Amino acid sequence: MSDKLIIFDTTLRDGEQSPGASMTKDEKVRIAKVLEKMKVDVIEAGFAIASPGDFEAVQAVANAVKDSTICSLARALDKDIDRAGEALKNTNSARIHTFIATSDIHMKMKLNMTPDQVVDQAVRAVKRARKYTDNIEFSPEDAGRSDEDFLCRIIEATIDAGATTINIPDTVGYNIPHQFGATIKSLIEQIPNSDKVIFSAHCHNDLGLAVANSLSAVLNGARQVECTINGLGERAGNTSLEELVMAVRTRQDVFDCDTNINTTHILAASRLVSSVTGFIVQPNKAIVGANAFAHEAGIHQDGVLKHRETYEIMRAEDVGWNANKLVLGKHSGRNAFKVRLAELGVEFDSEESLNDTFKRFKELADKKHEIFDEDLQALVSETQTEATELIKLVSLKVCTETGEENTATVVLSIDDKEKIATAKTSGAVDATFSAINSLVDFELNLQLYSVSNVTQGTDALGEVSVRLEHNGRIINGQGVDTDIITASAKAYIHGLNKIMAATDRAHPQV
Ligand code: KIV
Ligand code: ZN
């Protein structure tokens, strides 16, 4: 029997550190539930001490999820560990993940500490974390650029102090596969008590090598990989869960381990993370990109039709693709709607939320006759997000005429009071955003605006993403509608709501 490879998902923590990708508590819970369905072993729900909102989000994920271990990140500081322990208090299975930097450059320039002080602080943190749970992960941050002898020393000491998982981060994405694998092997061989813990890899993708480095770590003895859906994460991102899991599953001739992941939920998770964060998945992205299983060249199509393995190494349905199946239409009933969404992993926490989404589905079915899974997922995302928002779009009227200025009249509900504004500029989207701006007292800088279609055809739902900056904080907003100006207004309002809800939060690594 092959070994188990533990999947530690950090979409909600390291993924969320990506500028613009911050998530609300409810969004985190929705993603965590899909990860649980997928049978992710450990979900890193956040950095509890970052802000009261982050603390509540870790708590909410811990309350909502029963089958995965829930983890909170904590610097090697008493106050961080206590906050993480507190947030995880009522969790079925809790882990505290504590870390301190170990590379010369980080110890000198960031921490201003000597190596001896760093070892003492790491040991103290692990011991303190043991007061809350016996499932403790320790990470020597920037291990990928740390001195190996020092790594051996600090890891041995933290295992003695009670760490149960030792995570080796390539924090800046500097490593090369054969070298990263050799480091893992050498640490396991040299550290006398290494057999008491699971070794883990945590790779960043600055050189495009995060998945390759993680796989190399697995080949050299790591039995946990830290990853994110769609490879989300700071800068170039983290190891992509879907790529890592499918590489190990597809190449069982090479790997003597496998994960427990139910891969059929991968696509749903990818779409949810993309729609919550506004980080669009590139069409040629492995596993989850729109072209990942598409064949165009005649010769490939011919081969696939004769015998699919000629050009396909994985089955699209194994990762959740179902050939863009037409699922529901105008005459579909509430029950069929609910059943299909349950198959897609969507649950409703109240009858009211089900009814609201069903009403929107009927409205959409009047405008667009063929409703696909992607449409349903977009509708659910929008309904669940809007339910918690302070500012809502009530109506929008836009007049455009070739050669003339465009006029937009917007009615917003702000804290349950309706307000109206009109703006006239050269573009319809610009006029809409100006009208919204005039109703709120916020200095916003639009950094990015993009439109894509959720499915094919001119009657498809348009999905708009905006990136807004306010006082140095970057937030993404998303909106969907069959009308792209309305989708744009929804995206802008979504971003605005997020900015208003955002509070100051500490970054764990700065
Ligand atoms: O990249 C990194 O070093 C991290 C640590 C906090 C594990 O995310
Ligand atoms: Zn990281």
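Is there a residue being assigned to a helix (DSSP H, G or I) and crowded, with 19+ Cβ neighbours inside 10 Å anywhere in region 343-351?
Looking for residues that are assigned to a helix (DSSP H, G or I) and crowded, with 19+ Cβ neighbours inside 10 Å, one finds none in region 343-351, hence no.
Test of understanding: among 120, 116, 149, which residue is open to solvent by 60 Å² or more (accessible area, probe 1.4 Å), closer than 15 Å to residue 75 by Cα, without any contact (Cβ under 8 Å) to a residue 12 or more places away in the chain and not small (Gly, Ala, Ser)? Before the answer, list the steps.
On the way: 116 fails: closer than 15 Å to residue 75 by Cα; 149 fails: closer than 15 Å to residue 75 by Cα.
Matching residue, one of 120, 116, 149: 120.
Is it true that residue 88 is more than 22 Å from residue 236 (Cα to Cα), away from ligand 1 (no atom under 16 Å from the Cβ) and in contact with a Phe, Trp or Tyr (Cβ under 8 Å, 6 or more places away or on another chain)?
yes
Please find, among 110, 131, the residue that is away from ligand 2 (no atom under 16 Å from the Cβ) and either in contact (Cβ under 8 Å) with a residue 60 or more places away in the chain or surrounded by fewer than 19 Cβ atoms within 10 Å (Cβ to Cβ) (or both).
Of the residues listed, the single one that is away from ligand 2 (no atom under 16 Å from the Cβ) and either in contact (Cβ under 8 Å) with a residue 60 or more places away in the chain or surrounded by fewer than 19 Cβ atoms within 10 Å (Cβ to Cβ) (or both) is 131.
When residue 225 is evaluated against the numbered criteria (1) under 30 Å from residue 461 (Cα atoms); (2) in contact with a His (Cβ under 9 Å, 6 or more places away or on another chain); (3) open to solvent by less than 30 Å² (accessible area, probe 1.4 Å), which criterion, by number, is the only one it fails?
So the condition that residue 225 fails would be (1).
Every residue in region 219-232 that is within 12 Å of ligand 2 (Cβ to nearest atom) and assigned to a loop (DSSP other than H, G, I, E, B), please.
232, the sole residue that qualifies.
Please determine whether any residue of region 235-246 is of a type in the set (D, E, K, R) and not in a helix (DSSP H, G or I). Talk me through it step by step, then tell me what you get.
First, pick out the residues of region 235-246 that are of a type in the set (D, E, K, R): 235, 242-243.
Filter once more, keeping what is not in a helix (DSSP H, G or I): 235.
Yes, the conditions are met somewhere in region 235-246.
Give the residues of region 396-410 that are surrounded by 13 or more Cβ atoms within 10 Å (Cβ to Cβ) and among the small types (Gly, Ala, Ser), sorted by residue number.
Matches in region 396-410: 408 only.
Test of understanding: among 163, 143, 157, 125, which residue is modelled with pLDDT of 95 or more, away from ligand 2 (no atom under 16 Å from the Cβ), in contact with a Ser or Thr (Cβ under 7 Å, 6 or more places away or on another chain) and not acidic (Asp, Glu)?
Numbers: 163 fails: in contact with a Ser or Thr (Cβ under 7 Å, 6 or more places away or on another chain); 143 fails: away from ligand 2 (no atom under 16 Å from the Cβ); 157 fails: in contact with a Ser or Thr (Cβ under 7 Å, 6 or more places away or on another chain).
Step by step, each of 163, 143, 157, 125 is checked, and only 125 is modelled with pLDDT of 95 or more, away from ligand 2 (no atom under 16 Å from the Cβ), in contact with a Ser or Thr (Cβ under 7 Å, 6 or more places away or on another chain) and not acidic (Asp, Glu).
Can you confirm whether residue 95 is open to solvent by 10 Å² or more (accessible area, probe 1.4 Å), within 24 Å of the chain's Cα centre (by Cα) and either within 13 Å of ligand 1 (Cβ to nearest atom) or touching a residue at least 24 places away in the same chain (Cβ under 8 Å) (or both)?
Yes; evaluated as a whole, the condition is true for this residue.
When the residues of region 233-245 are filtered to those that are open to solvent by 10 Å² or more (accessible area, probe 1.4 Å) and within 16 Å of ligand 2 (Cβ to nearest atom), which remaining residue is nearest to residue 139 (Cα to Cα)?
234
Condition check ((1) modelled with pLDDT of 95 or more; (2) within 16 Å of ligand 2 (Cβ to nearest atom); (3) surrounded by fewer than 24 Cβ atoms within 10 Å (Cβ to Cβ)) across all residues:
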| site | (1), (2), (3) |
| --- | --- |
| 8 | yes, yes, no |
| 27 | no, no, yes |
| 44 | yes, yes, no |
| 48 | yes, no, no |
| 69 | yes, no, yes |
| 76 | yes, yes, no |
| 79 | yes, no, yes |
| 82 | yes, no, yes |
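Somewhere in region 188-201, is a residue assigned by TED's automatic domain parsing to the domain that holds residue 259, within 25 Å of the chain's Cα centre (by Cα) and away from ligand 1 (no atom under 12 Å from the Cβ)?
Yes, region 188-201 has at least one match.
Is there a residue being within 16 Å of ligand 2 (Cβ to nearest atom) and of a type in the set (Phe, Trp, Tyr) anywhere in region 195-218?
No; the residues of region 195-218 include none that is within 16 Å of ligand 2 (Cβ to nearest atom) and of a type in the set (Phe, Trp, Tyr).
Checking residue 395 against (1) assigned to a helix (DSSP H, G or I); (2) without any contact (Cβ under 8 Å) to a residue 60 or more places away in the chain, only one condition comes out false. Which one?
Status for residue 395: all satisfied but (1).
Can you name every residue in region 64-97 that is in contact with a strand residue (DSSP E or B) (Cβ under 8 Å, 6 or more places away or on another chain) and acidic (Asp, Glu)?
80
Report yes if some residue within region 172-188 is within 16 Å of ligand 2 (Cβ to nearest atom), assigned to a helix (DSSP H, G or I) and without any contact (Cβ under 8 Å) to a residue 40 or more places away in the chain; otherwise report no.
Yes, some residue in region 172-188 is within 16 Å of ligand 2 (Cβ to nearest atom), assigned to a helix (DSSP H, G or I) and without any contact (Cβ under 8 Å) to a residue 40 or more places away in the chain.
May I ask you to say which residue of 248, 211, 254, 218 is within 16 Å of ligand 1 (Cβ to nearest atom) and either free of Cβ contacts under 8 Å to residues at least 60 places away in the same chain or over 16 Å from residue 142 (Cα atoms) (or both)? Lay out the reasoning, then the answer.
On the way: 248 fails: within 16 Å of ligand 1 (Cβ to nearest atom); 254 fails: within 16 Å of ligand 1 (Cβ to nearest atom); 218 fails: within 16 Å of ligand 1 (Cβ to nearest atom).
Testing whether each residue is within 16 Å of ligand 1 (Cβ to nearest atom) and either free of Cβ contacts under 8 Å to residues at least 60 places away in the same chain or over 16 Å from residue 142 (Cα atoms) (or both) leaves just 211.
In region 255-272, which residues are in a helix (DSSP H, G or I) and more than 16 Å from the chain's Cα centre (by Cα)? Step through it out loud before you land on a result.
Applying the first criterion (in a helix (DSSP H, G or I)) to region 255-272 yields 263-272.
Answer for region 255-272, where residues must be in a helix (DSSP H, G or I) and more than 16 Å from the chain's Cα centre (by Cα): 263, 264.
The values are calculated or read from the model by the stated rules, or taken from the named source; none is laboratory data. Computed from a predicted model, the values in this text were never measured in an experiment. Methodologically, a virtual Cβ is constructed for each residue, glycine included, from the backbone with ideal geometry; neighbour enumeration extends over all protein chains shown. Protein only, heavy atoms only, side chains kept; ligands, DNA and RNA dropped before computing areas. Shrake-Rupley method; radii C 1.70, N 1.55, O 1.52, S 1.80 Å.
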